[in-house]
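Encoded as structure tokens, the structure appears first; notes follow it.
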Amino acid sequence: MLGVLAAQLGVIAVFLVLCLLIFFGVTWYESSKAEIPPGMANPKLVWRMHIFSTGMFILGEALEKLGIMNSTRLVRFLQKISMLKLKDDPEVFKKDFQFDGVPVRVYHPRSPSADGRKGIVFLHGGGFIFGSIDLYDSLCEHLTKNSGAVVVSVGYRLAPEHRCPAAFDDCLKATVHFLKTAQEHGVIPSSVIICGDSAGGNLTAGVCQSLVGIADIPKPLAQIMIYPAVQIADFNTPSYQQNKMVPLLPQELAVYLSLMYIGADLSLSQEMIKGSHVTPEVREKLSKWLSSEEFQVKDYKPHIMAPFNKGVYEKVKKSLELPCSPLFSDDAVIQQLPKAYILTCEFDILRDDGILYKKRLEDNGVPVTYFHVKDGFHGIFSYFDQPEVVSGKLAMDNVITYIKNL
């Protein structure tokens, strides 16, 4: 009897070892497709993070097929574990609220202030699928402590459970509520800044544009967009071509996140990359903007989009509209936007999204402060507290300086 049990355990052990070998082999194979360009900051860190995230997606897909857990929930769970904190910053007071039904966390500096403070509505990144108030807790503590502003971190609903425009609706509602009640939190109503990174930069642009049409509320003092995604039309801009295989946001992942956000079938990814969903009007605008000097970079070959396919367009048309693509809004709206700060990174597919939006704002008379991280990669802002990521701290310090000087 014991011999039979030992044999069974041996078979199970061999099976588990084989599963692990297959898992590590597939993870390494998929990870090896990435490109770490020379000159990029912290290549070893980026490579480790890329291998880890690739492995988690592969594991998630396997668990999903077994009916245990889907990959999205697995990544969120691991993010939550990774952000467990031993203690909060003693110089910051924070409290959770509901702003018009939307969960938020409000951060106050404990240091006294004779006058009212600036306020920051912070909209986190994560491709509209990942990210949370908890994941950005340390970042918002740091912003509050070092800028002296009251920070409101918005816990908007995530895709795929809640498709577009759920995230945008939540961010807009929370922002309007804060603008109306700023004084209750010790904030000067006319000194509220809207800020976000990546997907949060997209939401920042969209919220600021929507506030233009809302009467009887204070207008934002400024908008801060950190490597924002401002269009879901052209996945072959110069920065997409240069960095399409660069972690931590390769082209394939950007398309996947976009389709998940708008609720379209993932089988449309190649059509999106080819641009067959882009209308003639949008193509004309992109062609005009991308022909300017800012986009004449080495080895860039203007991408000729596939013929317009109305059938594909109908399935993903919200991708070209507000809030998904604030880049294409009318001049009349852009002209009424508050002053802006835009941060981009060289080794990031979204670099040219930021530059395109900068151009749109400047062409319409909106003042823009621009900061480019020459060795930066997508997500570097979140590494502000890791001493070896010098450019991450530099990016954070630059944003804080901008806020303090407003």
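Where does the chain land at 222 nm, in deg cm²/dmol rounded to the nearest 500, when only DSSP H runs of n ≥ 4 count, each adding -39500 (n - 2.57), divided by all residues?
So the helix-based figure for the chain works out to -14000 deg cm²/dmol.
As an exercise, take the mean of 1/r over every pair of distinct alpha carbons in segment 2-82, invert it, and state the Kirkwood radius in angstroms.
Computed over Cα pairs of segment 2-82, the Kirkwood hydrodynamic radius comes out at 14.9 Å.
Using the structure shown, select from 145/404; 33/317; 244/317; 95/180; 358/393 the pairs with a Cα to Cα distance greater than 21 angstrom.
Beyond 21 Å between Cα atoms: 33/317; 244/317; 358/393.
What residues from segment 227-259 fall in the zone where the backbone N is under 18 Å from a label point 7 Å along the Cα-to-C-beta line of residue 304?
235-238
Rounded to the nearest Å, what's the spacing between the alpha carbon centres of segment 233-293 and segment 138-163? Just the number, please.
Taking the Cα centre of each part, segment 233-293 and segment 138-163 sit 27 Å apart.
For segment 86-243, count the residues as N, evaluate 2.2 N^0.38 Å, and divide the Cα radius of gyration by that value, please.
That ratio works out to 1.04.
If I stretch the segment between residue 114 and residue 162 completely, what's the gain in nm (0.36 nm per residue apart, minus their alpha carbon distance), one decimal?
13.1 nm
I need to check one value: relative contact order of segment 306-406, counting alpha carbon pairs closer than 8 Å and at least 6 residues apart, in percent.
This gives 21 percent for segment 306-406.
Lys and Arg at +1, Asp and Glu at -1: add these up for the other residues within a Cβ distance under 14 Å of residue 394 and post the number.
-3
Which one, 184, 35, 321, has the greatest fluctuation when you compute a Gaussian network model over the chain with C-alpha springs under 10 angstrom?
The residue that fluctuates most here is 184.
Report the far tail of the P(r) of segment 124-182, meaning the percent of Cα-Cα pairs longer than 13 Å.
64 percent
Taking 51 Å as R0, compute the FRET efficiency from the Cβ-Cβ separation of residue 81 and residue 284 and round it to 0.05.
Working from the Cβ atoms, E equals 0.60.
If I take every Cα pair under 8 Å that is 6 or more residues apart in segment 2-82, average their sequence separation and divide by the length, what percent do I get for the relative contact order?
Relative contact order for segment 2-82 comes out at 21 percent.
Tell me, what is the percent relative contact order of the chain, built from C-alpha pairs under 8 Å that lie six or more residues apart?
15 percent
Roughly what % of DSSP beta bridges within segment 96-237 run antiparallel, to the nearest 5?
35 percent
Given the Cα-Cα distance of residue 48 and residue 29 and 0.36 nm per residue of separation, how much length would full extension add, in nm?
Extending this stretch completely gives an extra 5.4 nm.
Roughly how many nanometres apart are two label points built 7 Å out from the Cα toward the Cβ at residue 73 and residue 313?
3.9 nm
Figure the gain on full extension for residue 390 and residue 184 (residue separation times 0.36 nm, minus the Cα-Cα span) and round it to one decimal in nm.
Going from the current span to full extension adds 70.4 nm.
Each value in this text was obtained by applying a stated rule to the coordinates, not by laboratory testing. Computed from a prediction, not measured in an experiment: that's the story for all the values here. Quick reminder, even Gly has a Cβ in these numbers, built from the backbone with ideal geometry, and neighbours come from all protein chains shown.
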